[in-house]
1. Can you go through B:Thr255, B:Thr244 and tell me which one is among the polar types (S, T, N, Q), assigned to a helix (DSSP H, G or I), modelled with pLDDT of 85 or more and under 16 Å from B:Arg562 (Cβ atoms)?
2. Determine, yes or no, whether A:Ala127 is under 30 Å from B:Lys359 (Cβ atoms), at pLDDT below 90, in a loop (DSSP other than H, G, I, E, B) and of a type outside the set (Val, Ile, Thr).
3. Look at A:Leu48 and say whether it is surrounded by fewer than 19 Cβ atoms within 10 Å (Cβ to Cβ), without any contact (Cβ under 8 Å) to a residue 60 or more places away in the chain and of a type outside the set (Lys, Arg).
4. Considering every residue within the range A:31-38, establish whether at least one is touching a residue at least 60 places away in the same chain (Cβ under 8 Å) and assigned to a helix (DSSP H, G or I).
5. Output the residues belonging to the range B:438-450 that are more than 9 Å from chain A (Cβ to nearest Cβ) and under 18 Å from B:Val479 (Cα atoms).
6. When the range B:299-317 is examined, which residues are found to be more than 15 Å from B:Lys471 (Cβ to Cβ) and either assigned to a strand (DSSP E or B) or touching a residue at least 60 places away in the same chain (Cβ under 8 Å) (or both)?
7. Could you tell me which residue of the range B:346-364 is surrounded by the most Cβ atoms within 10 Å (Cβ to Cβ), considering only residues that are at the interface with chain A (Cβ under 10 Å from one of its Cβ atoms) and not hydroxyl-bearing (Ser, Thr, Tyr)?
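The values are calculated or read from the model by the stated rules, or taken from the named source; none is laboratory data. It should be emphasised that the depicted structure is a prediction, and the values quoted were computed from it without experimental measurement. Here the Cβ positions follow ideal geometry from the backbone for every residue, glycine too, while neighbour counts run over all protein chains shown.
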Amino acid sequence: MKKAFKSPPGILLLAILALAFILPLFPLPDPLAIDVDARYAGPSAAHLLGQDEYGRDLMSRLIHAMRSAIVISGGAALLAAIIGVTIGIVAGYVRGISEALSLRVMDVILCFPPLLLAMLAATLYGAGPKTLVPVLALVFVPSFTRVAHASVMTVRGQEYVDAVKLMGASAPRIIFRTILPNIAGPLFVQFSFVVVMSVVLESGLSYLGLGVLPPEPSLGMMIGSARATFADQPWLLFAPCMALVVLVLVLNAFCDHLRHVFDPRNGSGA
Amino acid sequence: MTKARTPLLQVSNLTVGFQTGPGYRDVVRDVSFSVAGGETLAIVGESGSGKSVTSMALMQLLPRATSRITGRVEFQGTDLLTLDERRMERIRGDRISMIFQEPMTSLNPVMTIGAQIAESILMHRRIGRAQARAEALAMMDRVRIPSAAGRFDDYPHQFSGGMRQRVMIAAALACQPDLLIADEPTTALDVTIQAQVLDLIKELQAESGMGVIFITHDMGVVAEVADRTLVMYHGDVIEAGTTTQIFDAPSQTYTRALLSAVPRPGSMAGIDAPTPYPVFDIAEGRMSPPAERPDTLQADQPPLLEVKDLSKRFAIQSKLLKRVTARVHAVEGVNLTLRRGETLSIVGESGCGKSTTGKLITGLHPRDEGEVVIAGRKLDRVSAAERAHDIQMIFQDPYASLNPRLRVGEAITEPLRIHGTVPRAQEREIAAQLLDRVGLKAEMADRFPHEFSGGQRQRICVARALVMKPKVIVADEAVSALDVTMKTQVVNLMMDLQAEMGLGFLFISHDMAVVERISHRIAVMYLGQIVEIGPRAEIFGNPRHPYTRRLLSAVPVPDPARRNQRGAVPVTELKSPIRPPDYRRPAQHYTQVSPDHFILETGAESL
């Protein structure tokens, strides 16, 4: 795992994580503090990136917004991965009725457009991070199930799985110690997609006012509110957009790199 | 069409290098040979010997950016190496054609076979579609595809392996090339099908007078087809001459090593016990005969393995209602016993049920009927964990049977970790000992499987099978994927281990050469049943069942002088054991021919 971070994408991701999680420990301006007199103020010593329409510190808001985007998307992806991969592996390994049942349920979830499903859940259970994480997770569970299931199907027929069976290994051991490591590659790729997609979906929901609740900062909400003043204050729109783009690109690059590292054929393995 | 005996292809000082880092590494060095019209040249060697690279270089199929080819390849007066890609395209498939090893992957699955044969005609000739179709049909007749007109619009998956190879040959010969390069064309085929394909290539050659370059690792096939032979080793031609010369008086130790791995009928006659292969020292050029050894069979001990009336059927269900429409009778009433120190081989062609039998005996597949008793205990009475102490398996594909994510040391000791019987600290020591025992180095334990060659991996699999100290090892085509020299080494290793530990081997194979070396007894399987079972000498010397005879007669004879003595093998497809759902197997009656030698009484239906 150490090796994964000793690479350009790893270092970039560490930099972003440090920015989002360590910087708020320093005395930054309060991201919620309103200063109406200084609305739309340009960069100054106290406010390095300037102030927004309520005079709140832009840099501080960007950093907090990125942190919540990472926490919410990462959390949602992790939750979806745990649930989805478990269902997928069991379906692929045990087969039979459990396979048919779980895959059909996933098909039903896949029938709903992700944004619609998320909006439905957010309207039913109220907006806010506490609903956002489970909702995003629910949206992305089927993709993990599908990938895990398909990968298990190819790996389970390999002779080394038969060999472990003949050694007298139990089903859980075969699943977790033999099959899981061998399907990690595609799962990491899927994880990278899902983190990125939930970053985008989260900002989309927040843009629509169904995600992070104001006044808490979120990239989507910042883009939404800067839209009105785009002609006069383009910077207020560009800054959160750029933060979003950089976050997505770095996450993508890192997950791609992770897959490379986890393949034993490239170097010494994980 | 037959041309005078001037060389069709003259290769001089061909050297091929691949780019590695800043420089080039030569994988074929200074190869020269010639092929005349109507002549067959065999290039023999193992993987990595450069035999396939040589043929790819002739055809200019190697990536031009990363390979360097020097020398001259003169084909009908032009040097192919000086031609650019466009002029080469006109020669490929038209004047020179190629057939590949794998009939399952070298045909395009989404094109009908007729279209694939017509494709090369359309590419090289200015003729219409209808005419191309007619020519393709004529070609399908020439390669003796039964009812060609009716199968023109079929897709490759509707053909068996042997028929697909015929389609490949038809496509390759569609433009009536002057030179055919056949790269291991029969390696993936069953032995009776191989005999048919070899016959076919010879007949077509006699008809058209084309030159053939036959690339193979199998000296038996060489003896069948080749006029002259080139032996390659690590990129060099080490021996060249007429096939008779090479077989009668091989000058190189390596050639002799290759030759010793093919069965000469009668070479084992008069020897009762299985005998290891002679050991070769390529570097020193010495060949030492196998050490004298007592027979490993301990006939007085109770049997290790008893199999009674073993049966397995796979249901074929209709798509919609999942009703059983037919059943594959994969294994039908198989009875076997295996004693301590004995090797019982199960031979047969693909689909005969031999691998399924192995999986039923190890418990990997649940069986439908019958009983398996290992070391006095019934298979179902023993938990999977305990069974591991009794029976282990070595698989066919050394690339698929090792977990790519485990270091080989961990892979070998994985059974110990599953059972938790040995403290972690000792694991390394045990792995080191076993690696040493199978002829690898103890410090290799920290490497991953992909860093090893096929033969080394198979040794690792042997070590892993041994760690539980089992009594029976099922070896399912364990050496089939290995090169000749690796094969002899692994077979010798298995025989040494048998002598040392009194193992019983159930050796499942289609390779009659290896089977003749290693077996005490042989069971011949056909359509899921054992049709003949008996001591090795009896099966090879006195085969009684018609299928056994057909199987043995299809094995290439490694003696160029006796080339045309084998009768033509009839064009047959392997029958499939698919039966209607209400099929009842007729009672099996075995006739005893001599002590221990039984044959199945069969009706006309089964052959």
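1. Of the residues listed, the single one that is among the polar types (S, T, N, Q), assigned to a helix (DSSP H, G or I), modelled with pLDDT of 85 or more and under 16 Å from B:Arg562 (Cβ atoms) is B:Thr244.
2. Here the answer is no, as A:Ala127 does not meet what is asked.
3. Spelling it out, A:Leu48 is indeed surrounded by fewer than 19 Cβ atoms within 10 Å (Cβ to Cβ), without any contact (Cβ under 8 Å) to a residue 60 or more places away in the chain and of a type outside the set (Lys, Arg).
4. No: the range A:31-38 contains no residue that is touching a residue at least 60 places away in the same chain (Cβ under 8 Å) and assigned to a helix (DSSP H, G or I).
5. Within the range B:438-450, B:Val438, B:Gly439, B:Leu440 meet the criteria.
6. B:Lys308, B:Asp309, B:Leu310, B:Ser311, B:Lys312, B:Arg313, B:Phe314, B:Ala315, B:Ile316, B:Gln317
7. Across the range B:346-364, the extreme among qualifying residues is B:Lys359.
Results for (1) more than 17 Å from B:Ile473 (Cβ to Cβ); (2) more than 11 Å from every other protein chain (Cβ to nearest Cβ); (3) polar (S, T, N, Q); (4) without any contact (Cβ under 8 Å) to a residue 12 or more places away in the chain, shown as yes or no for each residue.
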| residue | (1), (2), (3), (4) |
| --- | --- |
| B:Arg381 | yes, yes, no, yes |
| B:Arg387 | no, no, no, no |
| B:Asp390 | no, no, no, no |
| B:Phe395 | no, no, no, no |
| B:Val408 | yes, yes, no, no |
| B:Pro415 | no, no, no, no |
| B:Ala425 | yes, yes, no, yes |
